[in-house]
Each structure stands twice: as C-alpha cells, then as structure tokens.
Amino acid sequence: NIIQITPETLINDDTGYIQTMASSLGAAGNRAIERAVYALLLANPTLSDGVALFHATHNNLAGSGAVPTVDLLDAAKVAMSKQTAPGADAEYLSIQPAIAVVTGAQEGNVKVLVNAVYDPDTANKLQKPNKVNGIVKDVVSSPWLTGTTWTLFADPNVNPVVEVVFLDGQRTPKVTEEVNFRTSGLAWKVELPFGVGAIDFRGAYRNPGA
C-alpha cells in the first residue's frame, strides 16, 4: 500500500495523526494475514494428493453437518486420534484437538460445551460428567466465518495444517519513506510480503454445520 501525506497534514498535525497512522500499520498487516488464512480455509484448497483439505477421503470431514454438541465434539476428537502417519506403516498418530475455530454466533455455546463440568446436553446435569470438558484449550471465533461450520485444530506446533511464510523472515510491515520534491509532502510505501498455504490435513477436523 502507498500512503500519501500532504504538506498541510504535516504542518497541522497537532493531534498526532501521522504517528497514530504509523502505529496502526502493524495491526493492518496482522489483519491482512488473518484475512488470507480464513479465505484459504473457506476455499478448502486441494492438497498435493489431489484431494481437498477437508474431505471424506482424509477422514476429517463429518458426513453430515450439525451444530456443536457434546457427542459431536467427542466424535471429532476420536476421528482426529485415528489419523495415521503417511507411508506403509500407517501408524496411528493419536492427534488431540487444541483449538476450536467457530463463527461468532457459536462461540458462546462452544465455550459452554468445552468448559462445563457436567454434561450440558443432559437433562440431569448434576450427575453426568461432561466427557468433552477441556477438549480444547482455546475457542477462536472470527467474523470472516459465516454459517454454522466449525473446525477443530490440533496444536499447530505439533500437527500444523496451515503455514504462513514471510519473505526473508520479515514478519512486520516495512515502511519506506519518500519526500515529494515538488510539494514537500511525504509518501509511505508499506510492504508485508507473505504467503499462506495448507500443508497437511491430519491436524484438523471440520463439521459443515447445520
């Protein structure tokens, strides 16, 4: 992005607008990365094996969609644990979910499901323990997600699904300043070269929702 700053703005900047704008560039870069990651997940890209990231062939897509419940969360956990390593040995990886990624409308309900000590889906809640209590460490919602789709992800440090890469390790926006010789104004060129890609299906399980 290129931001033009006029001489009038430079002279009359009593409120610190320029400094505020400069400090907001980092946040804008983070939002761009977030937007790209969610766009990738929504697109359900094809992996190197010729199959979509979330697909029945990968055993990481529910056969029918429904809103989250205790039983469905438990079924997703079991499916993730049965993923196997690539190769002839096909050993079970025993992958465990760590993050639930949901829409904003689902966030509150999912937090209740995973934090309740007793089963919230059972009429007599004081007697039946909640089998998915603590199933994930974090429940993450995003306005980029719509509908009722929900996804469980493993710890990305253990079983990464999506990778974000940066050119030459540059993880924050780089700002280059140029003075306009004719007007004495400034121009800022803001760069954050990055890319996102799906690298493995084993660390995630998706339910398409109701």
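The values are calculated or read from the model by the stated rules, or taken from the named source; none is laboratory data. In this text, all values refer to a predicted model and were calculated from it rather than measured experimentally. As a convention, Cβ positions derive from the backbone with ideal geometry for all residues, glycine included, and neighbour counts pool all protein chains shown. Remember, those area values only see protein heavy atoms, side chains included, never the ligands or the DNA or RNA. Shrake-Rupley method; radii C 1.70, N 1.55, O 1.52, S 1.80 Å.
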Of the conditions (1) touching a helix residue (DSSP H, G or I) at 6+ places or on another chain (Cβ under 8 Å); (2) within 26 Å of GLY209 (Cβ to Cβ); (3) part of a helix (DSSP H, G or I), the single one that ILE18 does not satisfy is (2)
The stretch 199-210, subset part of a strand (DSSP E or B) and not basic (Lys, Arg), residue surrounded by the most Cβ atoms within 10 Å (Cβ to Cβ) | ALA204
For the stretch 85-104, what are the residues that are in contact with a helix residue (DSSP H, G or I) (Cβ under 9 Å, 6 or more places away or on another chain), at negative phi and outside any strand (DSSP E or B)?
-> LEU93, ILE95, GLN96
Look through the stretch 100-144, keep the residues that are acidic (Asp, Glu) and modelled with pLDDT of 95 or more, and return whichever of them is surrounded by the fewest Cβ atoms within 10 Å (Cβ to Cβ).
-> ASP138
Collect the residues in the stretch 176-198 that are assigned to a loop (DSSP other than H, G, I, E, B) and touching a helix residue (DSSP H, G or I) at 6+ places or on another chain (Cβ under 7 Å), keeping them in residue-number order.
-> THR183, SER184, GLY185, LEU192, PRO193
Expected output for the stretch 42-70 (first residue within 25 Å of GLY108 (Cα to Cα), partner charged (D, E, K, R) and assigned to a loop (DSSP other than H, G, I, E, B), Cβ below 9 Å, 6+ apart or cross-chain) is ASN60/ARG202; THR69/ASP121; VAL70/ASP119; VAL70/ASP121; VAL70/LYS131
Of a type in the set (Val, Ile, Thr) and closer than 24 Å to ARG35 by Cβ - does that describe any residue in the stretch 111-134?
-> no
Kindly indicate the residue of the stretch 163-198 that is closer than 30 Å to PHE153 by Cα, among the aliphatic types (A, V, I, L, M) and open to solvent by less than 90 Å² (accessible area, probe 1.4 Å) and also modelled with the lowest pLDDT among those meeting that condition.
-> LEU192
Output for the stretch 50-92, where each listed residue is among the acidic types (Asp, Glu) and open to solvent by less than 80 Å² (accessible area, probe 1.4 Å) | ASP74
